[in-house]
1. Roughly what % of DSSP beta bridges within the chain run antiparallel, to the nearest 5?
2. Over all Cα pairs of segment 169-228, how is the pair count split among 5 Å bins, expressed in % and running from 0 up to the last occupied bin?
3. Keeping all protein chains in place, calculate the accessible area per residue for segment 284-396 (probe 1.4 angstrom), answer in Å².
4. What percentage of the solvent-accessible surface of segment 304-356, computed with a 1.4 Å probe over protein heavy atoms, is contributed by carbon and sulfur atoms?
5. Quick check for you: with a 1.4 Å probe and neighbouring chains kept, what is the accessible area per residue of segment 114-268, in Å²?
6. Add -39500 (n - 2.57) for each DSSP H run of 4 or more in the chain, then divide by its residues: what number comes out at 222 nm, to the nearest 500 deg cm²/dmol?
7. How big is the shadow of the Cα convex hull of segment 250-307, averaged over all directions, in nm²?
8. In the neighborhood of Phe388, defined by Cβ-to-Cβ distances under 14 Å, what is the net charge if each Lys or Arg adds +1 and each Asp or Glu adds -1?
Amino acid sequence: MRLRMAARLVRGLLIATAAMGSTVSVHAQDKAQDKAQDKKIKIGVIFDLTGPLAGGGSELEYLGTKIILDHFSKTGVEGYKVEAVYADAQSKPDIAINESVRLLEQEKVDMVLGFFSSAQCVPVAARVEQLKKFMWMTTCISSAVFADKNYKYVFRPQASGDQFGAMTMDFIAQNAKEKLGKEPKDLRVAIIHEDGAYGVDVSKGNEAGARKAGFNIVLKEGYSATAPDLSALVTKLKRAKPDVIFHTGYNPDITLLLRQAREQGLKFAALVGHGAGYGVYEKLKEGMGADANYIFNTDPISIWLANQKTMNPKLAPVIKMVGEEFDRIRPGVAIRSAHVGIGASNTYVFMDDVLPRAIKKYGGVDPEALRKAALDTDIPEGGTMLGFGVKFYGEGTPMAGQNERSFPVVIQYIDDKSSVVWPKSQAQREAVLPLPKGTTYSNQ
């Protein structure tokens, strides 16, 4: 009897011990999971959600960026939670700077991401570098952001402004004789631009490309993007009689210029825009109606126009997801703006390539780990949703932090559709050049 009782007592102790061990094990697992959940990257995201730049493309960049960040906030990255904190730059450089500093110093974000306007990126990049924090620019293109600055913590996968200006000039130069019936030296061109960092930078590329092609530059002039009246500029254009107008602007200045050009009877063979307001077809159509037809725009390719056959296969479902999510948010849009894809693609490069490497190879998400991980990025052509590759110029180079593998394309709007027309390697159709006879601005 005593032996049986002792045996039962031993069995009870063993069961209790096992149960306790199981409980301890469960608590240990919970603690480990809690610790893993404590790991997170806090990303400060800044775009213009109000003011003139919002409708000029910034809000669309924000939507593309947010779609990608929302995706990774659900999946996490290498055990890290992703938390985005959004701020509105209100289309003002001083507010962009203040919001960046606030997010970094008060909200304690690990980095800042986004930015649409080059006029904001130039001073913000300098301030973030001074603070030795990490900055990832999805959009603004001015070469002045990086030129001879030798930044360590600022990176941009986007194409630069001088590339935009040079690409459009090459496009017209290669088509001058065949489509416009003139030798390049006989072609009259006007270069007009908003006078901020963005417009000035693109116009420099335009001017360099025009001189290389041998074009006759009959007018080169800047103006304030917030100017209430551009009729004086239109008058100068009428006197100069350009065959081709190269314009860099936002909106509503594009709409204002073209409305006053229509009122004053300005005629030309082609209008070539450079991103920003020219990348938002809905705004062009809203302000110009049928006259939005045949306008050219230079931008990184729309992710929905890029050739997926030459792309990394993993990107196709991401492009599909971004499109479906955008259609849900903005139903009924005739042409999904390239701006949405630019924000999405350039954010995806960071989340899918740079961030995992920073965590796995360099141990975390501090500025030094993120910087080293970005410098290791080596994505070949076809490795991004925009078609180009990513490799950043390193320290000690004139454009340290700029993607050396990026490039824009020239698209043309025809009948509520956009098609790539240049370079030939990416072209989906022949360019309609010059403007068809009988259209509002045609000089035929």
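The values are calculated or read from the model by the stated rules, or taken from the named source; none is laboratory data. Not measured: the values here are computed from a predicted model. Glycine gets a Cβ as well: all are built from the backbone with ideal geometry, and neighbour counts include every protein chain shown. Please note that ligands, DNA and RNA were not included when accessible areas were found on the heavy atoms of the full protein model with its side chains. Shrake-Rupley method; radii C 1.70, N 1.55, O 1.52, S 1.80 Å.
1. Numbers: 12 of 51 bridges.
Looking only at bridges with both residues in the chain, the antiparallel portion is about 25 percent.
2. 4, 19, 27, 19, 14, 9, 6, 1
3. Details: 4340 Å² over 113 residues.
Per residue, segment 284-396 has 38 Å² of solvent-accessible surface.
4. The computed percentage sits at 53.
5. 36 Å²
6. Working: 13 runs with 191 residues, N = 444.
Using -39500 (n - 2.57) per qualifying helix, the result is -14000 deg cm²/dmol.
7. Values: hull surface 17.3 nm².
Reported value for the Cα convex hull: 4.3 nm².
8. Values: positive: Arg156, Lys391, Arg405; negative: Asp299, Asp353, Asp378, Glu381, Glu404.
Neighbour charge sum, excluding Phe388 itself: -2.
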